[in-house]
Amino acid sequence: MAGIGFELYKILHKGTLSSIIQAFFLGIIIVAGPWILSVLTIYIIQTYAFSAIAGNPSLFTVSIVYVYAFSLFLSGGFHYVFSRYIADQLYIENYETIPSALLTAIMLITILSIMPAIGFVLINDFSFVSFHTLYILSLLSLFVVVNMLWIMLVYIALLKAYYKIFFSYLTGTIASIYGVLYLGKLYGVAGALCGYTVGQAVIVLLLVTISQFSYPLKKFTINKEFIASFKEHKRIFLMGWLFNMAIWSDKMLYWFLKGEHIPDTLYYYYIPYDIPVFLAYLTMIPGLVYFLIIAETDFHKNFFEFISHILEDPFRYIQLKKQKMLISLKNGIKGLVFFQSIWTVGILVKLPQILDFLGYSHSINIAIMRILLIAVFFHMLTLNLMIYLLYMELQFEAAMAACIYLLLNIVATLFSIFHVQWLPGTSYMLASVATTLYCSYHLYKKAPLIDFIIFSRT
């Protein structure tokens, strides 16, 4: 996402208060648009429009949570490979392949989405839902649409039309809320899910339309080179897939082992953990925005200067550029830790007042929330450190980090549930801390050897 980061970096460096607010606001939309607006939509519906889903509110919420969770399982590795392929095409200035790569990615993810979604529907009995056919079609459609949305979230980093992107998200969110209200009154939970799906589809359609202005598709063709890139970047695929499994594994174990069950379905949920998790996730947004606008943008500039002439420059110049890049890496990580720490510590201090303001003071365990805030801090660090590892062509180390994250989270969660009875979130926190340390160690040891790593692979 360094491309759009440069544009936001220019806005930030105008130096005015309005430019700072503008840059960070647009950064939030880019890094977390669908995610934050979906949480906001569900919050608004549950708080101010509960009548639309009153027939079975748990079914409505759990359906959406399952869609987002399992879509990340399916497309987590996929969109990392897509991102790498697009970055490679930009580096060699082969812009004509980019639109066909998007088309191919959307077609592949649609096909891959339909098969498991149909399988899920077949092994569940949704006959208890009023207008169950509408519910099933809406569920299938939402799963496909959300998987497309993850692809578009990667692709919009190429585009400079950030205001159009914002209004696409805003339009789709309004459509979702209105759709839930209107169709929910007519068709209950099935109608509400249909209305929500329509709004998300509007976002995808608008983003695809915007993308055509920047990188128009001139010929309807399958990009076979993009498909072949999965073999070359199998470790990146593995990293993305394992990472998304890792961050959801503890939640699912609490669902299936301690949670409540919606009869005749595979839907499980665990309210004491689910609500604080989704609120805690929102607190990583400032760190993600800082990484996009400042840390990654500055590092990418220095990394590109180093890498673009590594086979041509004299050894002395290579070393000077490498040192400049390593300083940028160090400063980026330090700044990221400092910036996110301010937010996390501030929220920890004011947590009771924040929960009271949001109306969760009696439904959320403050101790669990505090654990999760620390866990999310290290989750955010792990994610960004893994991106640095990928820059350094340390794909094996990045994939191993994701694997360690997954194994530690599963083992620690099972140990907590069956033996020591830790508060929910403790295993997630420990796994996040351990993986952050693993990534930090490999960056510290191997980043100074980046020139030798690149020479050995050329």
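For this structure, a couple of remarks:
- Residues in the stretch 186-216 that are among the hydroxyl-bearing types (Ser, Thr, Tyr), in contact with a Phe, Trp or Tyr (Cβ under 8 Å, 6 or more places away or on another chain) and under 21 Å from THR97 (Cα atoms): SER211, TYR215.
- Residues considered: ALA398, ALA431. Of these, the only one that is within 18 Å of the chain's Cα centre (by Cα) and surrounded by 23 or more Cβ atoms within 10 Å (Cβ to Cβ) is ALA398.
- Just one of the listed residues (PRO272, PRO286) is farther than 25 Å from LYS445 by Cβ, part of a helix (DSSP H, G or I), at pLDDT below 90 and not assigned by TED's automatic domain parsing to the domain that holds TYR391, and it is PRO272.
- Candidate set from the stretch 216-256 (those that are among the hydroxyl-bearing types (Ser, Thr, Tyr) and at pLDDT below 90); member that is nearest to MET380 (Cα to Cα): SER229
- Test for LEU242: is it under 30 Å from SER363 (Cβ atoms), crowded, with 20+ Cβ neighbours inside 10 Å and in contact (Cβ under 8 Å) with a residue 60 or more places away in the chain: no
- From the list GLY172, GLY179, the one residue that fits, being farther than 26 Å from ALA105 by Cβ, crowded, with 22+ Cβ neighbours inside 10 Å, touching a residue at least 12 places away in the same chain (Cβ under 8 Å) and of a type outside the set (A, V, I, L, M, F, W, C), is GLY179.
- Breaking point among (1) at pLDDT below 85; (2) farther than 30 Å from TYR270 by Cβ; (3) under 21 Å from the mean Cα position of the chain (by Cα), for VAL337: (1)
The values are calculated or read from the model by the stated rules, or taken from the named source; none is laboratory data. Since the model is a prediction, treat every value here as computed from it, not as a measurement. All Cβ positions, even for glycine, are placed from backbone atoms using ideal geometry, and neighbour counts span all protein chains on display.
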